[in-house]
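Data first, discussion second: the structure below is written as structure tokens.
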Amino acid sequence: MSEELISKKDLLQLTGISYGQLYRWKRKNIIPEEWFMKKSSFTGQETFFPKKQILDRIEKIKELKDDQSLDDIARVFSINEEIVSDRGHATLSLEQVPQQVLQIYQTLFPNNKLEHLGTVQLSSLLCVNDWLSKGTLTIDEATQFLNLVETHKKEIKLDEAIVIYIRKFGMGNWIIGNRHETFVDQKDSIIINVALSSYLNKSVK
């Protein structure tokens with residue numbers, strides 16, 4: 001079944017937004033450029049949109065625009081789309097992270113909004129939940145890990161990242177490497193050695 005479309009004219013009429021608003025939201029990447037589809041009609045070329053997606057998006061924009069800037073709204077949508085589409089990890093969401101782990105994160109980073117967390121941060125929180133629930137780490141060790149992730153979140157590639165924790169003589173050391181370039185010479189002291197993405201598709205109770 002082909003996707004139902006709506007023309008630009010009908011969209012503006014139905015939603016009550018202006019031409020200027022629509023294209024301003026496009027420039028800010030609040031509405032994806034690929035949703036603007038040029039198609040032939042009896043009047044020539046006309047712009048169409050995926051009907052359900054564009055109507056849902058505009059409704060959400062209207063809800064947010066009084067309290068947030070366009071740049072903040074764009075960031076919310078870009079992260080939500082990353083969470084949904086990121087390399088097949090469609091089950092990753094904020095709701096999967098237990099409240100007690102979110103509280104640890106909020107204590108560490110009180111100025112960060114939870115709804116803005118990306119996949120790297122969310123997957124790290126799922127890892128921390130598992131390690132703490134099994135007693136693998138202390139709270140202090142877990143917060144060291146979260147601080148490291150927060151510092152390097154833009155450089156960490158989710159599907160390549162390997163997380164290693166070494167504890168020796170009471171001292172711990174975190175390593176975030178990748179599948180191709182991680183070398184460790186203290187195998188007897190390794191407490192954790194997992195892929196950062198390994199918890200993404202596991203249900204969290």
For segment 11-16, take each phi angle, set θ = phi - 60°, evaluate the Karplus expression 6.51 cos²θ - 1.76 cosθ + 1.60, and give the result in whole Hz per residue in order, putting x for glycine and proline. 5, 5, 5, 5, 8, x
Calculate the FRET efficiency for Glu95 and Trp174 from the Cβ-Cβ distance with a Förster distance of 30 Å, rounded to the nearest 0.05. 0.65
Under 5 Å from the placed amide H of Val97, counting only residues 5+ away or on other chains, we find none
If amide hydrogens are placed 1.01 Å from N in the peptide plane, which non-local residues have theirs closer than 5 Å to the one on Ile31? Lys26
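Given a 1.4 Å probe, how much area per residue of segment 96-162 is accessible, in Å²? It would help to have the intermediate numbers written out before the result.
Details: 3150 Å² over 67 residues.
With all protein chains present, segment 96-162 gives 47 Å² per residue.
To one decimal place, what Kirkwood hydrodynamic radius in Å is obtained for segment 1-60 from all pairs of distinct Cα atoms?
Values: mean 1/r = 0.0844 Å⁻¹.
Evaluated on segment 1-60, it is 11.9 Å.
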Could you give me the ³J(HN,Hα) list for segment 102-119, computed from phi with Karplus coefficients 6.51, -1.76, 1.60 and θ = phi - 60°, whole Hz, x at Gly and Pro? 4, 5, 4, 4, 5, 5, 6, 10, x, 8, 8, 8, 4, 5, 9, 5, x, 5
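Here are some pairs, Lys8/Lys39; Lys9/Lys38; Lys113/Lys134; Lys52/Lys154; Lys8/Lys60; which of them have Cα atoms lying more than 21 Å apart in this structure?
Working: Lys8/Lys39 11 Å; Lys9/Lys38 13 Å; Lys113/Lys134 28 Å; Lys52/Lys154 32 Å; Lys8/Lys60 18 Å.
Long pairs (Cα-Cα over 21 Å): Lys113/Lys134; Lys52/Lys154.
The values are calculated or read from the model by the stated rules, or taken from the named source; none is laboratory data. These numbers were taken from a predicted model, which means no experiment stands behind them. So basically every Cβ, Gly included, is an ideal-geometry build from the backbone, and we count neighbours across all protein chains shown. Protein only, heavy atoms only, side chains kept; ligands, DNA and RNA dropped before computing areas. Shrake-Rupley method; radii C 1.70, N 1.55, O 1.52, S 1.80 Å.
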